[in-house]
Structures are given as structure tokens and as C-alpha cells.
């Protein structure tokens with residue numbers, strides 16, 4: 001992994017993310033420990049190991065800033081250095097003949113009536129100023145949308161030197177952190193199921209940028225040279241549309257790319273793209289991203305039916321369906337859109353899109369107490385839970401975030417409400433909590449004067 005010189009030195013006696021990655025087995029991005037550089041955070045499990053965000057907030061309390069964002073996007077923000085990076089799709093021009101999906105089985109589709117500009121933007125962490133905004137593409141989307149989706153649902157990733165933005169059918173882009181475009185790739189058009197759109201996020205490991213392209217026609221897994229955009233390898237996948245983001249883990253000294261999907265969960269050798277193993281057991285429409293714990297890959301989903309399974313990687317080779325490599329399985333309480341939170345030795349999972357949080361032992365799948373009803377959230381939950389400073393944060397689409405204690409009892413600490421709707425997952429960095437809504441980007445943090453008095 002490329003060194004970032006002083007940026008990855010030890011901060012205040014804390015280990016770098018590379019050291020944390022060595023402990024967890026997950027190939028973390030080598031950036032400072034107070035950053036949130038990718039989807040699901042520095043360790044790809046929803047935890048910010050050195051963050052200490054506020055417990056309480058509202059539109060008038062612990063709100064550092066709130067800015068209106070152009071267009072729409074359900075991609076989650078990422079945080080590095082002094083900036084927050086967000087992706088957006090902005091309608092432009094006059095309305096035209098609508099594009100929509102009226103195929104059998106499609107419901108809640110939304111017609112596309114405008115050309116769109118696809119933007120990457122950098123926002124100042126200090127005051128919410130737009131530092132730069134780059135139009136990466138402008139075009140008429142070839143597919144309709146869905147009332148619960150967006151045309152910018154893939155989250156960006158950074159290695160601390162460059163920013164990588166993936167808009168699916170609208171291209172893959174590498175930018176300098178000042179917004180200058182370094183390279184771009186057009187991978188063609190995706191054809192997704194039920195107008196749900198595109199949502200898998202790119203992943204970095206060393207010099208490789210991993211992209212999953214699962215759709216209704218031809219599905220592939222790509223590895224690109226992050227410096228040049230050259231394709232390192234491209235392997236076909238026997239899959240239908242999925243939205244899950246790949247997970248790169250270190251197993252027996254070698255990196256593997258893990259991808260969850262409907263037909264199989266699969267592991268690939270990062271160096272060559274060779275498929276190492278595969279395992280059936282999930283159901284249709286896989287959105288939730290996998291997590292990794294002590295040699296186990298844990299994947300789950302919930303659509304027509306529910307499924308979650310833990311796969312032991314030691315010795316995994318070929319088709320391991322139905323073998324003792326499947327350490328445990330569940331057919332209830334599994335997530336749909338949200339991804340699990342793996343915090344210390346506890347796996348937190350939201351049931352489908354509902355306000356019910358379950359706790360499991362990740363090594364056995366045994367529940368830790370009864371499921372918890374998240375009182376205060378009265379709508380679906382599409383965002384994924386996050387954890388920091390011994391707390392768990394779960395945000396619903398109705399603008400409510402429930403904060404729980406991270407222990408065996410998980411007592412509720414706060415119920416906070418903002419006047420927006422949230423589908424994107426939160427980003428945590430230092431003492432800040434970032435939420436990207438349908439209309440606004442929020443930075444929630446306690447005032448410096450209050451923090452100084454508390455210390």
C-alpha cells in the first residue's frame with residue numbers, strides 16, 4: 001500500500017489504520033485514524049475507532065453547519081483531511097419525454113424527465129463551504145428510477161492522495177484532491193433490476209481499485225490500476241443485479257476480494273482475479289455488504305426471504321455450499337438495504353428495513369439478548385448503523401437517529417431528530433458526525449468551548 005509519509009504516522013500515540021487492519025484482517029485504506037475514507041469507514045465494518053461524535057443534537061443544538069446540496073444522491077459522504085467529499089446527480093435543462101421502467105413486477109418506479117449532471121464535490125469540515133465542485137459527466141439517464149433510490153448511490157473512496165468516484169453507467173473517475181481530473185473510464189451501461197438503480201461502491205487495496213458490475217445482462221468484477229486506470233483484470237460473474245460493495249480481507253497473508261450476491265458469495269484472489277471459492281445461501285436482491293471477523297466472512301440479505309451465513313475461510317476452495325465451512329446460518333432477522341455493524345465482538349443487524357436491531361455473537365450466530373425495538377424511528381431504515389466511542393448510531397429515513405450504548409444491555413442514550421430524510425449512511429471523524437440527507441449535508445459536533453470546559 002502506498003505510503004503517505006507523515007499522514008500515516010502515529011497520531012497522539014494511536015495506531016495507524018494499517019496497524020488496525022493487521023489486527024482485524026481487513027485491508028484498510030492507509031489514511032489517518034480520524035478519517036472516514038470509504039463506504040463503511042476505515043475498517044469497512046461501520047466503526048470509527050478513534051472518533052467521539054456527539055450524543056445529542058437537533059436543528060438548534062450541536063449543529064456546526066448545515067448546507068443545501070444540489071440535486072440528489074444516496075451515496076454516503078467520506079472524510080479526509082479538512083474536507084468532506086460527496087457525489088450528486090443534478091437535473092438540468094427542460095423536462096422532456098420521461099424514461100421509466102414499466103416491466104412486469106416493477107413498482108414504485110419514478111420516471112426520469114431531465115438530463116443530469118454528475119458531480120463530485122469537496123466541502124470544508126470547518127464551516128461547510130463548497131471548496132470545489134466538478135461536473136464529471138452530463139447525460140440523459142437510460143433507465144428510470146425508483147422512489148427510494150437515486151442516480152448517485154455509489155460512495156466515493158480516497159487513499160489520501162486521490163479521490164475515486166464511481167457513477168456506474170456514468171463512468172469511473174480518478175481526481176486529485178483539489179478536483180483536477182486525472183483519468184476516467186466508461187464501462188458501458190448497466191441494466192438493473194426493478195429500476196432500483198446502481199449502488200455498489202469502489203474499494204481500494206494497495207494499488208488496486210476494485211469495482212463490482214452486477215446487472216441483468218453481463219456481470220463482471222474489475223480491478224484497475226489506481227494510478228492510471230488500466231484494467232489489471234476483469235472476470236465474468238454468473239450473477240444478476242446486486243448492490244453490495246466488495247470487501248477486501250487479508251487471509252493467510254494474501255488479499256481476497258469478497259463479493260455477496262444472489263447466486264453465490266464468492267472469494268477472489270486480488271492479484272489475478274481468480275475465483276477461490278463460492279457459497280450459495282443468500283436470496284434475491286443483495287444490497288447489504290459483508291463483514292469479516294476472525295477468519296469468518298458474514299453475509300446476509302432479506303427480500304422475498306431472509307438469510308444470513310458465516311463462512312470460514314481456512315481451507316475454503318471451490319464450491320463450499322453445504323460443507324462445514326458454513327459455520328452458522330440464520331433465516332430470520334437479516335438485513336436488506338443496511339449493512340451490519342461489527343463492533344468489537346458483537347454483530348449488530350437491522351431486520352429488513354425495520355427499526356428492530358438484533359445483536360449476535362459473530363463466531364456462533366447466537367443472539368445476545370432479544371431484538372431491540374428502536375423507539376423513535378417511525379419509517380424505514382436504509383442507512384447502515386455506525387459505532388464510535390462505545391456508542392451505536394442508527395438513522396431512519398424520517399430524520400431520527402437513535403443512539404445506544406455499546407454494551408450487553410444497549411440502553412438508549414438519545415433520540416435525535418433533524419428536518420430532512422436520510423438514506424445515506426453517516427460518516428464519523430474526530431468529534432464530528434456527518435449526515436447526508438435528501439436536501440442537506442449536516443455536520444454535527446459539540447462546540448469547541450463546551451469541549452474545552454469538559455476536558
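In region 353-455, counting only strands (runs of 3 or more DSSP E) that sit wholly within it, the ones holding 1 or more residues that are within 19 Å of the chain's Cα centre (by Cα) and under 26 Å from residue 85 (Cα atoms) span 386-388, 391-395, 400-405, 427-429, 432-436, 440-444.
One line per residue, one yes/no per condition, for (1) assigned to a loop (DSSP other than H, G, I, E, B); (2) touching a strand residue (DSSP E or B) at 6+ places or on another chain (Cβ under 7 Å); (3) free of Cβ contacts under 8 Å to residues at least 60 places away in the same chain; (4) under 20 Å from residue 211 (Cα atoms):
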| position | (1), (2), (3), (4) |
| --- | --- |
| 248 | no, yes, no, yes |
| 255 | no, yes, no, yes |
| 266 | no, yes, yes, yes |
| 272 | yes, yes, yes, yes |
| 277 | no, yes, yes, yes |
| 282 | yes, yes, yes, no |
| 287 | yes, yes, no, yes |
| 307 | no, yes, yes, no |
| 327 | no, yes, yes, no |
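Among the residues of region 175-196, those identified as touching a strand residue (DSSP E or B) at 6+ places or on another chain (Cβ under 8 Å) and more than 30 Å from residue 110 (Cα to Cα) are 175, 176, 177, 178, 179, 181, 182, 183.
Go through (1) outside any strand (DSSP E or B); (2) buried (at least 21 other Cβ atoms within 10 Å of the Cβ); (3) on the phi < 0 side of the Ramachandran plot one by one and return the number of the condition residue 116 breaks. In the conditions (1) outside any strand (DSSP E or B); (2) buried (at least 21 other Cβ atoms within 10 Å of the Cβ); (3) on the phi < 0 side of the Ramachandran plot, residue 116 misses (1) alone. Just one of the listed residues (287, 248, 297) is within 18 Å of residue 337 (Cβ to Cβ), under 22 Å from the mean Cα position of the chain (by Cα) and crowded, with 18+ Cβ neighbours inside 10 Å, and it is 287. Could you go through region 193-206 and let me know if any residue there is surrounded by fewer than 23 Cβ atoms within 10 Å (Cβ to Cβ), modelled with pLDDT of 95 or more and assigned to a loop (DSSP other than H, G, I, E, B). Taking every residue of region 193-206 in turn, at least one turns out to be surrounded by fewer than 23 Cβ atoms within 10 Å (Cβ to Cβ), modelled with pLDDT of 95 or more and assigned to a loop (DSSP other than H, G, I, E, B). With a requirement of 1 or more residues that are within 17 Å of residue 83 (Cβ to Cβ) and in contact (Cβ under 8 Å) with a residue 60 or more places away in the chain, the strands (runs of 3 or more DSSP E) lying completely within region 123-188 that satisfy it span 130-139, 162-166.
Scanning region 177-206 for residues that are over 20 Å from the mean Cα position of the chain (by Cα) and under 27 Å from residue 124 (Cα atoms) gives 177, 178, 179, 180, 181, 182, 183, 184.
So is residue 76 in contact with a strand residue (DSSP E or B) (Cβ under 8 Å, 6 or more places away or on another chain), crowded, with 24+ Cβ neighbours inside 10 Å and in a loop (DSSP other than H, G, I, E, B) or not?
Criteria met by residue 76.
Number of residues in region 329-345 that are touching a strand residue (DSSP E or B) at 6+ places or on another chain (Cβ under 7 Å), crowded, with 19+ Cβ neighbours inside 10 Å and in a loop (DSSP other than H, G, I, E, B) equals 5.
Suppose the filter is in contact with a strand residue (DSSP E or B) (Cβ under 9 Å, 6 or more places away or on another chain), modelled with pLDDT of 95 or more, in a strand (DSSP E or B) and farther than 15 Å from residue 136 by Cβ; does residue 221 pass it? Spelling it out, residue 221 is indeed in contact with a strand residue (DSSP E or B) (Cβ under 9 Å, 6 or more places away or on another chain), modelled with pLDDT of 95 or more, in a strand (DSSP E or B) and farther than 15 Å from residue 136 by Cβ. Restricting 149, 168, 199 to those that are at positive phi and out of contact with any strand residue (DSSP E or B) (no Cβ under 6 Å at 6 or more places or on another chain) reduces the list to 168. Given the structure, is residue 157 crowded, with 16+ Cβ neighbours inside 10 Å and in contact with a strand residue (DSSP E or B) (Cβ under 7 Å, 6 or more places away or on another chain)? So residue 157 passes the test. Pairs meeting the criteria (first residue in region 207-229 and on the phi > 0 side of the Ramachandran plot and surrounded by fewer than 20 Cβ atoms within 10 Å (Cβ to Cβ), second residue at pLDDT 95 or above and outside any loop (DSSP other than H, G, I, E, B), beta carbons under 8 Å, at least 6 apart or on different chains) are 229/172; 229/174; 229/183; 229/184; 229/185. Across region 289-305, the number of residues qualifying as under 25 Å from residue 194 (Cβ atoms), out of contact with any strand residue (DSSP E or B) (no Cβ under 9 Å at 6 or more places or on another chain) and touching a residue at least 24 places away in the same chain (Cβ under 8 Å) comes to 1.
Scanning region 131-146 for residues that are loosely packed, with under 14 Cβ neighbours inside 10 Å and modelled with pLDDT of 95 or more yields one hit, 135.
Residue 292 meets each of the listed conditions (1) in a loop (DSSP other than H, G, I, E, B); (2) closer than 26 Å to residue 36 by Cβ apart from (1).
The values are calculated or read from the model by the stated rules, or taken from the named source; none is laboratory data. Since this is a predicted model, take the numbers as computed values, not measurements. Glycine gets a Cβ as well: all are built from the backbone with ideal geometry, and neighbour counts include every protein chain shown.
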